Structures are given as C-alpha cells and as structure tokens.
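Colleague: Okay, here's the structure, questions in a sec.
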Amino acid sequence: MDTLILSRIQFGANISFHILFPTITIALGWVLLFFKLRFNATGEDRWMEAYRFWVKVFALSFAMGVVSGITMSFQFGTNWPGFMETVGNIAGPLLAYEVLTAFFLEAVFLGIMLFGASRVPGWLHTLATFLVAFGTTMSAFWIIVLNSWMHTPQGFEMIDGVAHATDWWAIIFNPSMPYRFAHMLLASFLTVSFLIAGVSAFRWIIGGRTAGVRVALKSAVYGAALLIPLQIYMGDMHGLNTLEHQPQKIAAMEANWETGPNVPLLLFAIPDDAARENRFEIAIPNLASLILTHHADGVVPGLNDFVGEDGEVLHPRVAAVFWSFRVMVGTGVAMLLLSWATAALLLRRGVEGLPRPVLYGLVGMTFSGWLATLAGWYTTEIGRQPWLVQGVLSTRDAVADVPAAMVASTLIAYLVVYALLLGAYILVIFYLARRAARGEKLDPRPEPRAVPIPAE
Amino acid sequence: MDMFSDPALWLPFVFAGLMGLSILIYVVLDGFDLGVGLLFPFANEGEKDRMIGSIGPFWDANETWLVLAVGLLLVAFPAAHGAILTALYLPVAVMLIGLILRGVAFEFRAKAPPEWKRLWNRAFFAGSLMTSMSQGFMLGMYVMGLTWTLPHVAFALLTAAFLTVGYSFIGATWVIHKSDGLLQLKAIDWAKGGVWGLVLGIGAVSAATPYVSVRIFDKWFSWPEALYLAPLPLLSAALVVGLWVALRRMPFDRDRRSWLPFAMATGLWATAFGGMAYSFYPYVVPEKLTIYEAASAPESLFIILVGTVVVLPTILGYSILAFTIFRGKARELRYD
Ligand code: HDD
Ligand code: HEM
Ligand code: HEM
C-alpha cells in the first residue's frame, strides 16, 4: 500500500474514533443541563440521581474526545500538508475560532462543572454546565462549517494555486452548512438518547429500579421518538441539497450509472466499479426518482456522466458510499420503529409495563447512534472523493511525502490504542451501570476505598 | 514607522509572538501536569490520589494551550507547519499516543473496576513519560535544524532526558504548593533532585544553539548585543540559586510562600524561552524559512487577530477564575 492510501486509512481511523465522543458530549451536555434545571425547579432527588450517573459518562467521553481531537489537529501537518498550504487561508481562521471560542470555554468550565459543585454557588455551577454544553456545540459548529465548506466551497478566489478568502459570510454560510449542522446535532441527540435508554434498560433488567433510572429512561425514549422523524426529514433535505451541489455523490449513493428518469430505489445491489454496473439488484421501481425529485419520472444523475474524456474517474468508489448510506438509513428506520413502539408502551403502561423483549431491544440499540453517525460520515466523506475540497484540491495533491512504512507503523499503533480504549470505555460504562444497580453509592473519589455497601 | 503601515510586516511578527506565548504557557502549565505524572512511581496510593486532585480541574484547559500553539502555527505559518511536522513525524506520533494515554488514564483510574487501577496508574505514568520525552526530543531536533543525522539524534535524546527531568521538577514545585504534610516534604525532595535537569537542559540548549549557526553565534557574542543580553543569563543564574536556597529551607513557617518554587521555576522557563526565541528569530524553520516567508495571507491573519484580541483576555479571565476557585491545598476530587 502506498503513502496516500495509508494516510487516508489513518485519517479515517482517527476521525472515526474522535467523532464517537463529541457525538456523545455535544448532546449529553444539554441533557445534563436539563436534568440539573429539572432538579432546580422541582427539588426532586431523582433528577440529581440521573445527573450524578450521567455526568461520569460525560467526563469520560469528554476526555476521550479531547485527546483524540488533539491527534486530529496534528494530522493536518503530519499527513496532509498540502491541505493547509492550499486552503489554509480559509481553514486556518475557522479552526482558530474553534480553539478560541469553544475549546477554552469548555475546557475551563469543565473543571468547575465536574469538581466545583461544593465550592461555588449553585447558579455558577448551573452556568458552568451551560457553558460546557454551549462550548461543545460551538466546536461542532465551527468544524462543521469547515467540513461543509470542503464539500461546497464558495467565497474565495484562487491566486497562484492558493485560496484567498473574499467573503467570510459566504464561507461560513456555505450552501451545505445549515443542513449538515442540523443533521449532526440531531444525530448527536439521537445517539445520546439511545445510549441513555440502553444503559437505563440494562440497569432496569438487572434490578436497579430506582426513580432516577425511570426518569432517565423515559426522557430518553420520548426524546428519541420526537427527534427521529425530524432527523429523517432533515436527512431528506440534506440529500436534496447534495443533489444540487454534489450530484456525483448522490449517483454513488443510489448506485445509478446512467442519467435518466424513473430511477428505481435499490434495496440491495453489489456495485462493480470495474464493469461499471450492479449485480444482484433488488429494487423498488421509480422510488429513487420520487424521493429525489418528487416525480416518478424525475431525472436522477448517473455516474457515467462523471468520467473525463481521457477515462479519468471523477466520482467516488461506489460500493462504500452505497452501502454506508444504507446502513445509516436502515439504522434510522430501526430507531423509528423501536422508539415509537417503546414510547407507546410507556404512555399506556409506564416503565413497569415494558415487556422484556423491548428492554432487550433498547439494550441492543445502545450504540446504534454511533453506527448511524459513522455510516453517515463515511457516505459524506468517501462520497466527496477524489476531491478533498470539492473541485479545488484533490486528496492526492494534499498528502505528505513521508515513507509509507512510517505511516503504516503509526497507523498500527493508533489502531491498537483505539481498539483497547474503545473496549475499556464500553466496559466501564456497563461496570458503572452495574455498580449503580447494586445500589452502591457511586463514589466519585479516585480511590474506591471500602465503601460501605448498603443492603439491597 | 512604516513598519506598521504594512500588515505583511507586522502581522507575522505578532503571530510569532502569540505562538511563542502559547507554547510558553503550555510548557509551564502542562509541564506541571506532566511532571506530576512523571513523579507517580515515587508516590504511594494515597499520595497519588492527592496528586491527581491537584491537577484534575486544570489539565484539560492546560493542554488546550498546545492546541492553540499548533493551531497558530498551522493558521499563521502553513508552510512551516507542514515542514516541521512532517520532519518530526514519528516523535509527534509518540507524543500524541502519550497524550492520549495520559488524558484517559485520569478518568479510567477513577471509574474502572479497582483491579484495573494499578494498570491505569502505569498508563498515566507511561503517557506522561512518552509525552515529555518526545517533546524534549523534538526540541533538540528543532534546535539542530530538523535534520536526522546521528549527532543530532544523540543531542535530541539528551534534551529529551533533560526536559523530562525539568518537567518532573516543575511538577514537584506544583505539588509543594498544593500539598502539605508528608507529601509536601517528599515533593521538596523531588524538586531538589530535579533542579539539575532543568539547569543542564537549559545549559545544553544554550551552549549548542550558537554552534549550530554562525548567525545565532553572532547574535549573542557580538558587541554591544552581548551587553544588552547579559541580564538574561544573569537572571537565570539568580533564579537557580534562589531556587536552591529556597528548597533547602522549605517548608517555611506556617506554609508561607509555598508558591515560591513554582513561581521561580516559571521565571526560569520564561527566561530560557526568551533566549531561544531571540536566537531563532526571524526563522520559524531554523535557517530555512522565516516567519515572513511562511506567513498566511494578511486578510486571513487579520481576521484571526481580531478574534484573538477579543477572546484571549476573556480566556485569561476565566482561567484565573478557575485557578481561584480551586486554590488552596488539593482535596480529593469529588463530583459534588
Ligand atoms: C443518528 C444518526 C443518523 C441517522 C439516524 C441518520 N443520519 Fe444521515 N447522517 C448522519 C447521521 C444520521 C451524520 C453522521 O450526522 C451525517 C454525516 C455528515 C452529516 O452532516 O450528517 C449524515 C449524512 C447524511 C447524508 C449525506 C449528505 C452529504 O454529505 O452529502 C444524507 C443524504 C443523509 N444523512 C440522509 C439521511 C436520511 C435520509 C436518514 C433517514 C433515516 C438519515 N440520514 C438518518
Ligand atoms: C471538519 C471536519 C473534517 C475534515 C476537515 C475532514 C477532512 C478529511 C481529510 C483531510 C480526509 C483525507 C482524504 C481521504 O482520506 O480520502 C478525509 C477523509 C475521510 N474523512 Fe473527513 N474530515 C472531517 C470530518 C470527518 C468526520 C467527522 C468523519 C467521521 C467519521 C470523517 C471521516 C472521513 C473518512 C472515513 C475519510 C476517508 C475517506 C476515504 O478513504 O475515501 N471526516 N476527511
Ligand atoms: C479534522 C477535524 C477535527 C479536528 C482537527 C478536531 C480537533 C479537536 C480538538 C483538538 C479537540 C480537543 C479540544 C480541547 O482541548 O478541549 C476536539 C474536541 C471536540 N471536537 Fe473535534 N476535531 C475535528 C472534528 C470534529 C467533528 C467533525 C466534530 C463534530 C461534529 C467535532 C466536535 C468536537 C467537540 C464537540 C469537541 C469537544 C470535546 C469533546 O466533546 O470531546 N470535532 N476536536
């Protein structure tokens, strides 16, 4: 394998690992604020119980997000120097604003939020919680601005092969930004809803039936049920926007080779890039045309339009985009079914009335948000190839001239570390859940000395 | 002066200054976090918890200065950023993995099953060690002009060791300030043992730099510059002596001035850092690329400068707030 492909795998692995944790912290920050405000308003201890458990998950996720984010900032220099050299005038200020307006805010107030409750007045602690949530959302905003600009660049001119900003408003509010930002925020809230629902269901099953578990489970399921239709609607809008700006990506998502009307929606297919056709298609007639243009005979772009005169392929590899898109949408549909069924049961019979299979279903879907989020990002990012900045800079031109063996060695090292940490993270979340269910007071002290365990 | 009328002249200078400032703040602040990690094997279980307690609320914000520093390098001097980071590809990777281990070990040691705690303590130490060593190594390579020859690597290994001892020293001075009783006495001993690392490290870099380049030699040893610069080495020497004397007498009566060694250590870093900045200016890639050649377009730099001027004081403000809220002797960390 050459340096380019190894660097791409390495970047993909690093960003995939990183995004898992912001996806949790962006929404969990607001959920914690919600718990805190409910407690302030009602004085009921169950809200504080929920807060105390989930703040630990937040702290752990935040640390994972921070350290993997630092890796991200160095990657540009170590692996993609061409990126900053070409579009640094635009990417630079956006990243700088992220550090200045978001990272410091959340990093400083995190300390107060986690450890300051007994040292500062209640309102300041609530404010710190708010500022941390606000900071993570700001991080997401700036990085999504940059990422969206890479998909739909505007507001700049090229001088001697280097992009120069001409209109910052146009750069920040580039055409795909609002859709991508909204879709990402919703993805984050859904990920957290299913995480909370799954872990709470787990605690319920193993006997930790406290008021805090009940209220967390209910909030999470109702939240998911409300947000998932919005997400599907946003996803549709996002797709229409992509059709306008990156038709080759839509063509790959639908594995549609020839431009034309009455395009079917493929439920299953094995796209073959070499032969430029699909095998084993199972399709619903006209549906792709209907979804994308709202007419059964609407014209959908095909991949064959994106091949240069000399045979150079200017569209992404089809199978990866096609399948990751289906994984995302499939997960979304599963989320819809499960959250609505559970919400309906909750409304009629309460948490006690939830049948076992539903509880197990929730546990099984604990990390479904991660799956959909990663699949969505793979669709987005692989769908942009061979471009790094659509139409401006190709991935090939940005890669660093370091020996392949060196990239391979760091790639292996990262993969090992990430696999271990991911395993440890998931184990620790369920360990905390089991301890809480056993009724042990979740002692946040670093040293779990012989804590007196109250009888069950 | 017409220097100020042309932003292409003063903006790179201002940004080099900002970048230098955030690196300095980083090495002092995360320096003490890393130092605490390096001292971990010397402490017993209870002491470990208190040491963690002394840095728990701060380390994340401290580390953010590194993100700002590399961010400024990346946004203000994109060409240099690529050149430096590709030349230092492997040590950067080692540092990143070190930072990852260090950062997550914090959380895991408190939350994982007790059987795993020893493992995470080790990861905390190993991560701090990897980070300090690789940073010291990169410093050495940078001073030597970023070329991988045997003598340069040997020199870089030396600076790696010195910086590591230097970090454990500043970590020890932080523990002196944040602890009392037996732990404080122990920390005073650690600091006494570590001060030489700093002295040798600063000495090695100061001695080596002038020999790497005639330009730097002339900057230091020509008349009358040598005279203007004399306060820098003299101040450093005075601080070293002051530290030595203070450490021998500590702890002072009723724990007064327990912050003194940390403050003096910070001063020492700052003078050493100032000297280095003076040597390398105007180069950002030593002897190859000046800050003026490497700088981004003035419009983009200006946009960032406006933000920085507004936001940096705010950041300093709430950082001071955090340090005030968590002032005093470290307690065990509790979420409530
Ligand atoms: C919980 C997560 C989640 C769920 C349930 C969905 N998505 Fe999604 N999707 C994302 C999480 C996500 C994401 C990770 O957040 C992406 C990647 C980039 C982005 O902005 O959102 C994304 C990208 C993305 C794109 C790529 C746009 C582009 O970059 O050009 C499209 C077309 C859709 N989504 C459409 C949908 C549809 C029709 C869904 C219906 C079920 C759906 N998404 C569910
Ligand atoms: C601002 C945010 C982002 C930037 C600046 C960015 C930039 C890049 C860069 C430089 C590459 C390398 C080119 C390549 O590998 O093909 C890339 C590819 C990739 N990115 Fe992103 N990315 C961002 C967000 C994300 C996110 C959040 C994910 C989610 C997991 C992601 C997933 C990927 C993947 C999987 C690839 C590999 C694509 C391939 O191999 O074809 N990216 N992106
Ligand atoms: C190439 C792309 C990226 C880079 C260089 C990057 C860089 C970073 C860095 C350095 C941090 C640590 C900040 C600190 O010290 O506190 C961080 C954290 C964070 N990042 Fe990223 N990031 C990237 C992609 C993304 C994406 C795509 C998202 C979300 C949509 C995101 C959202 C966040 C959030 C919310 C945090 C806050 C800390 C946390 O929750 O863990 N980042 N990122």
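The values are calculated or read from the model by the stated rules, or taken from the named source; none is laboratory data. This one's a predicted model, so the numbers in the text were calculated from it and none came from an experiment. Cβ sites come from the backbone with ideal geometry, for glycine too, and all protein chains shown count toward neighbours. These accessible areas exclude ligands, DNA and RNA; they are computed on the full protein's heavy atoms, side chains included. Shrake-Rupley method; radii C 1.70, N 1.55, O 1.52, S 1.80 Å.
Colleague: Scan segment A:34-51 and give yes if some residue there is away from ligand 3 (no atom under 13 Å from the Cβ) and facing chain B (nearest Cβ under 7 Å), otherwise no. Spell out the reasoning first.
Modeller: To start, the set of residues in segment A:34-51 that are away from ligand 3 (no atom under 13 Å from the Cβ) comprises A:34-51.
Restricting the remaining residues to those that are facing chain B (nearest Cβ under 7 Å) gives none.
For segment A:34-51, residues away from ligand 3 (no atom under 13 Å from the Cβ) and facing chain B (nearest Cβ under 7 Å): absent.
Colleague: If A:Leu230 meets every condition in (1) over 17 Å from A:Phe325 (Cα atoms); (2) within 16 Å of ligand 3 (Cβ to nearest atom); (3) touching a Leu at 6+ places or on another chain (Cβ under 7 Å); (4) not hydroxyl-bearing (Ser, Thr, Tyr) apart from one, which number is that one?
Modeller: (2)
Colleague: Let me ask something else. Under 9 Å between Cβ atoms, at least 6 apart or on separate chains: pull out the pairs that start in segment A:226-238 with a residue that is on the phi > 0 side of the Ramachandran plot and end on any residue that is open to solvent by 60 Å² or more (accessible area, probe 1.4 Å) and modelled with pLDDT under 95.
Modeller: No pair meets every condition.
Colleague: Could you please let me know if A:Glu85 is at pLDDT below 85, assigned to a helix (DSSP H, G or I) and either within 14 Å of chain B (Cβ to nearest Cβ) or more than 16 Å from ligand 2 (Cβ to nearest atom) (or both)?
Modeller: Values: at pLDDT below 85: yes; assigned to a helix (DSSP H, G or I): yes; either within 14 Å of chain B (Cβ to nearest Cβ) or more than 16 Å from ligand 2 (Cβ to nearest atom) (or both): yes.
Criteria met by A:Glu85.
Colleague: Can you tell me which of (1) β-branched (Val, Ile, Thr); (2) more than 30 Å from A:Pro229 (Cα to Cα); (3) more than 13 Å from ligand 2 (Cβ to nearest atom); (4) in contact (Cβ under 8 Å) with a residue 24 or more places away in the chain is the one A:Val399 doesn't meet?
Modeller: Looking at each condition in turn, A:Val399 falls short on (3).
Colleague: Being at pLDDT 85 or above and either within 13 Å of ligand 2 (Cβ to nearest atom) or at the interface with chain B (Cβ under 7 Å from one of its Cβ atoms) (or both) is the filter here; which residues of segment A:60-74 pass it? Walk me through how you get there before you give the answer.
Modeller: Pass one, segment A:60-74, residues at pLDDT 85 or above: A:60-72.
Hits for segment A:60-74 are A:Leu60, A:Ala63, A:Met64, A:Gly65, A:Val66, A:Val67, A:Ser68, A:Gly69, A:Ile70, A:Thr71, A:Met72.
Colleague: Restricting the search to segment A:102-125, which residues are away from ligand 3 (no atom under 16 Å from the Cβ), open to solvent by 20 Å² or more (accessible area, probe 1.4 Å) and touching a residue at least 12 places away in the same chain (Cβ under 8 Å)?
Modeller: A:Gly122, A:Leu124
Colleague: Further question: Any idea which residue in segment A:173-188 is most open to solvent (accessible area, probe 1.4 Å), counting only those that are assigned to a helix (DSSP H, G or I) and in contact with a Phe, Trp or Tyr (Cβ under 8 Å, 6 or more places away or on another chain)? Let's see the steps before the verdict.
Modeller: The initial filter retains those residues of segment A:173-188 that are assigned to a helix (DSSP H, G or I), namely A:177-188.
Among the residues that remain, those that are also in contact with a Phe, Trp or Tyr (Cβ under 8 Å, 6 or more places away or on another chain) are: A:177, A:181.
Working: A:Met177: 7, A:Phe181: 41 Å².
By that ranking, first place goes to A:Phe181.
Colleague: Considering only residues that are open to solvent by 10 Å² or more (accessible area, probe 1.4 Å) and within 12 Å of chain B (Cβ to nearest Cβ), look in segment A:128-138 and name the one that is farthest from ligand 1 (Cβ to nearest atom).
Modeller: Among them, the one singled out is A:Leu131.
Colleague: Can I ask one more? Would you check which residues across segment A:173-198 are aromatic (Phe, Trp, Tyr) and near ligand 1 (Cβ under 9 Å from one of its atoms) and list them? Explain how you work it out, then say what you get.
Modeller: First pass over segment A:173-198, keeping only residues aromatic (Phe, Trp, Tyr): A:173, A:179, A:181, A:189, A:194.
The answer is A:Tyr179, A:Phe181, A:Phe189, A:Phe194.
Colleague: Continuing with this model, one more query. Could you list, in sequence order, all residues of segment A:239-261 that are open to solvent by less than 20 Å² (accessible area, probe 1.4 Å) and either assigned to a helix (DSSP H, G or I) or within 16 Å of ligand 3 (Cβ to nearest atom) (or both)?
Modeller: A:Gly239, A:Asn241, A:Thr242, A:Gln248, A:Lys249, A:Ile250, A:Ala251, A:Ala252, A:Met253, A:Glu254
Colleague: Regarding segment A:337-352, can at least one residue be identified that is more than 16 Å from ligand 3 (Cβ to nearest atom) and in a loop (DSSP other than H, G, I, E, B)?
Modeller: First, the residues of segment A:337-352 that are more than 16 Å from ligand 3 (Cβ to nearest atom): A:337-352.
Still in the running and in a loop (DSSP other than H, G, I, E, B): A:350.
Yes, segment A:337-352 has at least one match.
Colleague: Okay, moving on. Search segment B:240-252 for residues being open to solvent by 30 Å² or more (accessible area, probe 1.4 Å) and in a helix (DSSP H, G or I), and hand back the single one that is nearest to B:Leu198 (Cα to Cα).
Modeller: By that ranking, first place goes to B:Val240.
Colleague: Only one of these is within 30 Å of B:Ile304 (Cα to Cα), β-branched (Val, Ile, Thr) and open to solvent by less than 30 Å² (accessible area, probe 1.4 Å): A:Val57, A:Val99. Name it.
Modeller: Values: A:Val57 fails: within 30 Å of B:Ile304 (Cα to Cα).
Going through A:Val57, A:Val99 in turn, just one is within 30 Å of B:Ile304 (Cα to Cα), β-branched (Val, Ile, Thr) and open to solvent by less than 30 Å² (accessible area, probe 1.4 Å): A:Val99.
Colleague: Can you pull out the residues in segment A:129-171 that are in contact with a helix residue (DSSP H, G or I) (Cβ under 6 Å, 6 or more places away or on another chain), among the polar types (S, T, N, Q) and outside any helix (DSSP H, G or I)?
Modeller: A:Thr152, A:Gln154
Colleague: Tell me whether segment B:95-107 contains one or more residues that are at pLDDT below 85 and part of a helix (DSSP H, G or I). It would help to see each step written out before you state the result.
Modeller: Start the filter on segment B:95-107 by keeping residues that are at pLDDT below 85, which leaves B:106-107.
Going one step further and asking which of them are part of a helix (DSSP H, G or I), we end up with B:106-107.
There is at least one residue in segment B:95-107 that is at pLDDT below 85 and part of a helix (DSSP H, G or I).
Colleague: On to the next question. Taking the options A:Val358, A:Val363, A:Val407, A:Val392, name whichever one is open to solvent by less than 10 Å² (accessible area, probe 1.4 Å), of a type outside the set (Phe, Trp, Tyr) and more than 9 Å from ligand 2 (Cβ to nearest atom).
Modeller: Numbers: A:Val358 fails: open to solvent by less than 10 Å² (accessible area, probe 1.4 Å); A:Val363 fails: open to solvent by less than 10 Å² (accessible area, probe 1.4 Å); A:Val392 fails: open to solvent by less than 10 Å² (accessible area, probe 1.4 Å).
One residue alone meets the criteria, A:Val407.
Colleague: Out of A:Thr3, A:Thr78, A:Thr101, report the one residue that is in contact with an Asp or Glu (Cβ under 8 Å, 6 or more places away or on another chain) and at pLDDT below 85. Even if it seems obvious, please write down each step before you answer.
Modeller: Details: A:Thr78 fails: in contact with an Asp or Glu (Cβ under 8 Å, 6 or more places away or on another chain); A:Thr101 fails: in contact with an Asp or Glu (Cβ under 8 Å, 6 or more places away or on another chain).
A:Thr3 is the lone residue from the list that is in contact with an Asp or Glu (Cβ under 8 Å, 6 or more places away or on another chain) and at pLDDT below 85.
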